[in-house]
Amino acid sequence: MIAQLVLSTLLVGVLVYAWTEYRRAPVIGIVSMLAASTGLYFVWIPTHATRLAELVGIGRGVDLILYIWVVISLIVLLNLHLKLRAQMELITVLARDLAIAKAPSPSSPK
């Protein structure tokens, strides 16, 4: 019962955060709200997670949730990596443009 309350509190926190971030990133907000709602459902009715796991050929509901968590984490990690890479490329372009703009022209006296 204590674990259910702790997990529920954390998932409600995710729901509140997703709701506040919905305007900034609607897709992320909806996916986060859906994941947190599904998590709340499975926290309070774990037998349904076990039944769903058995339907897809996994022994326990906890294993299914863990596998889904790993996949979601890898997707988030890939997304963050791609965004960081794009920002680094943008910084490189901006630094190059700034260096060219501030470079003395060949015809100017030294």
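Adding -39500 (n - 2.57) for every DSSP H run of four residues or longer, then dividing by how many residues the chain holds, sets the calculated 222 nm ellipticity at -29000 deg cm²/dmol.
For the chain, the dipole from Cβ point charges (+1 on Lys and Arg, -1 on Asp and Glu) about the Cα centre works out to 480 debye, to the nearest 20. Footprinting exposure proxy ranking of MET88, MET33, MET1, fewest other C-beta atoms within 10 angstrom first, gives MET1, MET88, MET33. Computed on the stretch 1-44, with alpha-carbon pairs under 8 angstrom and 6+ residues apart, the relative contact order is 47 percent. Selection among VAL70, GLN4, ALA49 by position relative to the dipole of the chain gives VAL70 as farthest towards the positive end (Cβ unit charges, Cα centre). The phi-based Karplus calculation (6.51 cos²θ - 1.76 cosθ + 1.60; θ = phi - 60°) puts the 3J(HN,Hα) values of the stretch 78-93 at 4, 4, 5, 4, 5, 5, 5, 5, 5, 5, 5, 5, 5, 4, 4, 5 Hz, whole numbers, x for Gly and Pro.
Computed from the coordinates by the stated procedures, all read-outs in this text should not be read as laboratory data. Because the structure is a prediction, the values reported are computed rather than measured. Cβ sites come from the backbone with ideal geometry, for glycine too, and all protein chains shown count toward neighbours.
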